[in-house]
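Just below is one structure, and these are the notes that go with it.
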Amino acid sequence: MSGYEVRQRVGDWVLTAEWSGADTQGGPQRLTIEPAEDATGRDVARGVTTTVLRRLEPELSRIIEKAQEATGRAQGELEALAEQARAELASGRLSDRYLALLSALYVGASNRGVQAPVKWLGDAVGKTQNTMKDHLKRARKGGFLETVADRKAGGIVTGKARNLLE
């Protein structure tokens, strides 16, 4: 599944919460409750009863809180990258550092499940969507961003880009 997943063991059970995208501000789209591999207790033989569900509920609340905290941190990291990219772009040229920042920002937004990452990118750095497409092409040609699949958003930030960002 692409998105975000948290697994938590509670007694003889494993609770898995899954979000379809990287945004975890709402609850999970899927919950799975299954016996742990080494479970031997009577609870497993009786199945998922209301008693088991009551025991799992506090853990589910903690899982959702953890997921929301992680999403908040990821959002903060993207905002910091966008600020750096805007500052770098203010120099008036497309520097290698800017292209590396742009690549990391684009991949990060795509991985978070942003619906229209190129438009989002334009909004984030203050440029048009067409300008962002051109800048992303330059990032690919410059060896800062690799494409993962034809016509699919996202990609892979290259080692060259990561070295510039460290």
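The values are calculated or read from the model by the stated rules, or taken from the named source; none is laboratory data. Values in this document were obtained by computation on a predicted structure and should not be read as measured data. Note that each Cβ is placed from the backbone with ideal geometry, even for glycine, and that neighbours are counted across all protein chains shown. Quick note on the areas: whole protein, heavy atoms, side chains included, nothing else; ligands and nucleic acids left out. Shrake-Rupley method; radii C 1.70, N 1.55, O 1.52, S 1.80 Å.
How many Å² of accessible area per residue for the range 19-158, probe 1.4 Å?
Here the per-residue accessible area is 59 Å².
Summarise the accessible area of the range 1-117 (1.4 Å probe, protein heavy atoms) by the percent that is carbon and sulfur.
Roughly 46 percent of what the probe reaches on the range 1-117 is carbon or sulfur.
I'd like the Karplus ³J(HN,Hα) series for the range 60-65: coefficients 6.51, -1.76, 1.60, θ = phi - 60°, whole numbers in Hz, and an x wherever there's a Gly or Pro.
Taking θ as phi minus 60°, the curve returns 4, 4, 5, 4, 4, 4 Hz for the range 60-65.
Could you tell me how far the Cα centroid of the range 46-104 sits from the Cα centroid of the range 114-165, in Å?
Between the Cα centres of the range 114-165 and the range 46-104 lies a distance of 18 Å.
To the nearest 20 debye, what is the magnitude of the charge dipole of the chain about its Cα centre, counting +1 on the Cβ of each Lys and Arg and -1 on the Cβ of each Asp and Glu?
660 debye
First measure r as the distance between the Cβ atoms of residue 128 and residue 73, then evaluate 1/(1 + (r/R0)^6) with R0 = 25 Å and state the FRET efficiency to the nearest 0.05.
Efficiency at R0 = 25 Å is approximately 0.25.
How far apart, in nm, are the 7 Å Cα→Cβ label points at residue 115 and residue 40?
5.2 nm
Rounding to the nearest 20 debye, state how big the charge dipole of the range 94-166 is about its Cα centre with +1 on each Lys and Arg Cβ and -1 on each Asp and Glu Cβ.
Dipole magnitude for the range 94-166 comes out near 160 debye.
Number of Lys pairs in the chain with C-alpha atoms less than 23 angstrom apart, excluding same-chain neighbours closer than eight positions?
Here the count comes out as 16.
What length, rounded to one decimal in nm, is gained on full extension from residue 148 through to residue 55, with 0.36 nm per residue of separation minus their alpha-carbon distance?
29.3 nm
Provide the per-residue ³J(HN,Hα) series for the range 6-17, in order, calculated from phi with Karplus coefficients 6.51, -1.76, 1.60 and θ = phi - 60°, each as a whole number of Hz, with x at glycine and proline positions.
Once θ is set to phi - 60°, the couplings for the range 6-17 become 10, 10, 9, 8, 9, x, 8, 10, 10, 9, 10, 10 Hz.
Report the gain in length on full extension from residue 138 to residue 91: 0.36 nm times residue separation, minus Cα-Cα distance, nm rounded to one decimal.
Taking 0.36 nm per residue and subtracting the Cα distance, the gain is 15.2 nm.
For residue 10, enumerate residues with amide H under 5 Å from its amide H, sequence gap 5+ or separate chain, H modeled in the peptide plane.
HN-HN under 5 Å from residue 10: 15.
Provide, for q = 0.11, 0.13, 0.20 Å⁻¹, the log10 of I(q)/I(0) from a solvent-free Debye sum over equal Cα point scatterers in the chain.
Debye intensities relative to I(0), on a log10 scale: -0.57, -0.70, -1.18.
When ranked by the protection proxy of mean other Cβ atoms within 10 Å per residue, highest first, what sequence do the peptides 130-143, 33-46 form?
130-143, 33-46
Which of 129, 113, 102 sits closest to the plus end of the dipole of the range 1-146, meaning its Cα is farthest towards the positive end, when Lys and Arg get +1 and Asp and Glu get -1 on the C-beta?
129
Using θ = phi - 60° and the Karplus curve 6.51 cos²θ - 1.76 cosθ + 1.60, what whole-Hz ³J(HN,Hα) does each residue of the range 47-54 get, with Gly and Pro shown as x?
Computed from phi, the couplings for the range 47-54 are x, 7, 9, 4, 5, 4, 4, 5 Hz.
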